[in-house]
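Engineer: Sharing a structure below in structure tokens format, with a few things to ask.
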Amino acid sequence: MARVCQVTGKKPISGHHVSHSNIKTKRRFLPNLQTKRFFLAEEDKWITLKVSSEAIRTINKNGLYTVVKELRAKGVSI
């Protein structure tokens, strides 16, 4: 499975390691992803999402059911 957040769409980006002598070599910055189970009370079932820490905050703010409705409108199967 890809390293992509299902809610925000965050994915790895590239950048440089910069040494003390200022030599730059390629590296990847990975998003802070968690595989987390949420209980969807409206449908009385558990769902598992791969989400970033920012997405967990979004779910806490807007509510799980609102976020799931937006995902389903985009065509993501949950």
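Engineer: Let me confirm something: among THR8, THR35, which residue is free of Cβ contacts under 8 Å to residues at least 24 places away in the same chain and within 17 Å of the chain's Cα centre (by Cα)?
Structural biologist: Checking each option against the conditions leaves just THR35.
Engineer: Sticking with this structure for a sec: So, in the stretch 30-78, how many residues would count as being of a type outside the set (Asp, Glu) and assigned to a helix (DSSP H, G or I)?
Structural biologist: Number of matching residues: 19.
Engineer: Looking only at the stretch 6-17, decide whether some residue is open to solvent by less than 80 Å² (accessible area, probe 1.4 Å) and in contact with a Cys (Cβ under 9 Å, 6 or more places away or on another chain). Walk me through how you get there before you give the answer.
Structural biologist: Here is the first cut: in the stretch 6-17, the ones open to solvent by less than 80 Å² (accessible area, probe 1.4 Å) are 6-9, 12, 15.
Checking which are in contact with a Cys (Cβ under 9 Å, 6 or more places away or on another chain) leaves us with none.
Among the residues of the stretch 6-17, not one is open to solvent by less than 80 Å² (accessible area, probe 1.4 Å) and in contact with a Cys (Cβ under 9 Å, 6 or more places away or on another chain), which makes the answer no.
Engineer: Would you point out which residue out of ARG27, ARG57, ARG37 is open to solvent by less than 90 Å² (accessible area, probe 1.4 Å) and modelled with pLDDT of 95 or more?
Structural biologist: ARG27
Engineer: Within the stretch 38-65, can you find the residues that are farther than 19 Å from LYS10 by Cα and either in contact (Cβ under 8 Å) with a residue 12 or more places away in the chain or not basic (Lys, Arg) (or both)?
Structural biologist: Going residue by residue through the stretch 38-65, those that are farther than 19 Å from LYS10 by Cα are 38-47, 63, 65.
Those that are farther than 19 Å from LYS10 by Cα and either in contact (Cβ under 8 Å) with a residue 12 or more places away in the chain or not basic (Lys, Arg) (or both): PHE38, PHE39, LEU40, ALA41, GLU42, GLU43, ASP44, TRP46, ILE47, GLY63, TYR65.
Engineer: Of all the residues that make up the stretch 12-32, how many are under 23 Å from the mean Cα position of the chain (by Cα) and either closer than 21 Å to ARG72 by Cβ or of a type in the set (Ser, Thr, Tyr) (or both)?
Structural biologist: The total comes to 1.
The values are calculated or read from the model by the stated rules, or taken from the named source; none is laboratory data. What you are looking at is a predicted structure, and each value in this text was computed from that prediction instead of being measured. Please note: Cβ atoms are built from the backbone with ideal geometry, for glycine as well, and neighbour counts cover all protein chains shown. Note: accessible area is taken over every heavy atom of the protein model, side chains too, but ligands, DNA and RNA are not part of it. Shrake-Rupley method; radii C 1.70, N 1.55, O 1.52, S 1.80 Å.
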